[in-house]
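Participant: One structure is given below, represented as structure tokens, and several questions about it will come after.
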Amino acid sequence: MFTVATECGGRSRIGGGHRRAARRPEQPGLPVPGPEELLAIAEGMALNARRWPGLVDLSTRSWEILASSETFEAWVIGWPPGGAIELHDHGDSAGAVVVAGGELVETLVAEQTDGSVTTTSRTMEEGTSWTMSRRYVHDVVNLSSAAAVSVHVYAPRLTSMTHYRIDGGLLVAEGSVHYRLGHVVP
């Protein structure tokens with residue numbers, strides 16, 4: 001089942017309530033940050049994200065890892081006008097996103113009880129933040145004429161993304177990409 005966040009309005013937070021940090025089954029001693037902790041990390045990093053050196057003169061969507069630990073990973077993503085990523089999930093990772101500059105449009109996918117899916121799009125202005133549960137399916141695009149910057153924090157660290165298409169009202173997986181510290185691995 002896919003879940004979607006609900007907007008709390010304007011430039012405020014979107015998504016779930018407070019939860020304690022969960023424990024990863026494969027490493028029971030390491031607490032994985034919960035949604036509120038991920039959001040706090042993303043908000044803190046968003047303060048300086050617009051000045052990240054790799055995001056100058058963007059011609060394509062670009063990303064770099066800001067921080068990585070055993071329990072989470074933080075990315076900054078630069079979005080030139082027209083920059084986009086197609087429908088995808090974040091594997092077993094939950095996450096939080098903050099739009100640090102510019103404006104992005106997110107399309108969310110929600111699965112219905114009959115297996116069909118619906119989509120909802122929303123504009124995310126600078127300062128907007130939201131959390132994402134595991135297997136959250138969405139796409140993101142910069143439809144404005146100016147570049148945008150966002151900060152994404154994932155826990156546990158992002159190790160895969162599955163890309164999708166909608167065919168006949170159903171969500172169809174097209175393939176997965178695996179990552180290690182921000183780099184695609186075979």
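The values are calculated or read from the model by the stated rules, or taken from the named source; none is laboratory data. Keep in mind the model is a prediction, meaning the values are calculated, not measured. When we count neighbours, we look across all protein chains shown, and the Cβ atoms used for this are built from the backbone with ideal geometry, even at glycine.
Participant: Looking at the stretch 126-136, is at least one residue acidic (Asp, Glu) and either more than 15 Å from VAL76 (Cα to Cα) or in contact with a Ser or Thr (Cβ under 9 Å, 6 or more places away or on another chain) (or both)?
Facilitator: We begin by selecting, within the stretch 126-136, every residue acidic (Asp, Glu); these are 126.
Within this subset, residues satisfying the condition of being either more than 15 Å from VAL76 (Cα to Cα) or in contact with a Ser or Thr (Cβ under 9 Å, 6 or more places away or on another chain) (or both) are none.
Within the stretch 126-136, none of the residues are acidic (Asp, Glu) and either more than 15 Å from VAL76 (Cα to Cα) or in contact with a Ser or Thr (Cβ under 9 Å, 6 or more places away or on another chain) (or both).
Participant: Take the stretch 125-160 and flag every residue that is within 22 Å of GLU36 (Cα to Cα) and either among the polar types (S, T, N, Q) or without any contact (Cβ under 8 Å) to a residue 40 or more places away in the chain (or both).
Facilitator: THR128, SER129, THR131, SER133, SER150, THR159
Participant: Could you tell me which residue of the stretch 98-108 is surrounded by the most Cβ atoms within 10 Å (Cβ to Cβ), considering only residues that are of a type in the set (Gly, Ala, Ser) and touching a Lys or Arg at 6+ places or on another chain (Cβ under 8 Å)?
Facilitator: First, pick out the residues of the stretch 98-108 that are of a type in the set (Gly, Ala, Ser): 100-102.
When the remaining residues are screened for being touching a Lys or Arg at 6+ places or on another chain (Cβ under 8 Å), the result is 100-101.
Working: ALA100: 27, GLY101: 18.
Among those residues, the one meeting the criterion is ALA100.
Participant: Something else about it: Could you tell me whether any residue of the stretch 160-168 is crowded, with 16+ Cβ neighbours inside 10 Å, in contact with a helix residue (DSSP H, G or I) (Cβ under 9 Å, 6 or more places away or on another chain) and among the β-branched types (Val, Ile, Thr)?
Facilitator: Looking for residues that are crowded, with 16+ Cβ neighbours inside 10 Å, in contact with a helix residue (DSSP H, G or I) (Cβ under 9 Å, 6 or more places away or on another chain) and among the β-branched types (Val, Ile, Thr), one finds none in the stretch 160-168, hence no.
Participant: Moving to a separate point now. When you go through (1) crowded, with 18+ Cβ neighbours inside 10 Å; (2) at pLDDT below 95; (3) of a type outside the set (A, V, I, L, M, F, W, C) one by one for GLY95, which number turns out not to apply?
Facilitator: (2)
Participant: Is there a residue being at pLDDT 95 or above and assigned to a loop (DSSP other than H, G, I, E, B) anywhere in the stretch 117-126?
Facilitator: Keep residues of the stretch 117-126 that are at pLDDT 95 or above, which gives 117-126.
Right, trim to assigned to a loop (DSSP other than H, G, I, E, B) and you get 126.
Yes, because at least one residue in the stretch 117-126 is at pLDDT 95 or above and assigned to a loop (DSSP other than H, G, I, E, B).
Participant: Right, something else. Restricting the search to the stretch 161-186, which residues are over 26 Å from GLU36 (Cα atoms) and of a type in the set (Phe, Trp, Tyr)?
Facilitator: TYR164
Participant: Could you figure out which of (1) in contact with a helix residue (DSSP H, G or I) (Cβ under 7 Å, 6 or more places away or on another chain); (2) crowded, with 22+ Cβ neighbours inside 10 Å isn't true of LEU38?
Facilitator: Of the numbered conditions (1) in contact with a helix residue (DSSP H, G or I) (Cβ under 7 Å, 6 or more places away or on another chain); (2) crowded, with 22+ Cβ neighbours inside 10 Å, the odd one out for LEU38 is (1).
Participant: Need the failing condition index for GLU111 against (1) out of contact with any Phe, Trp or Tyr (no Cβ under 8 Å at 6 or more places or on another chain); (2) surrounded by fewer than 22 Cβ atoms within 10 Å (Cβ to Cβ), just the number.
Facilitator: For GLU111, the exception is condition (1).
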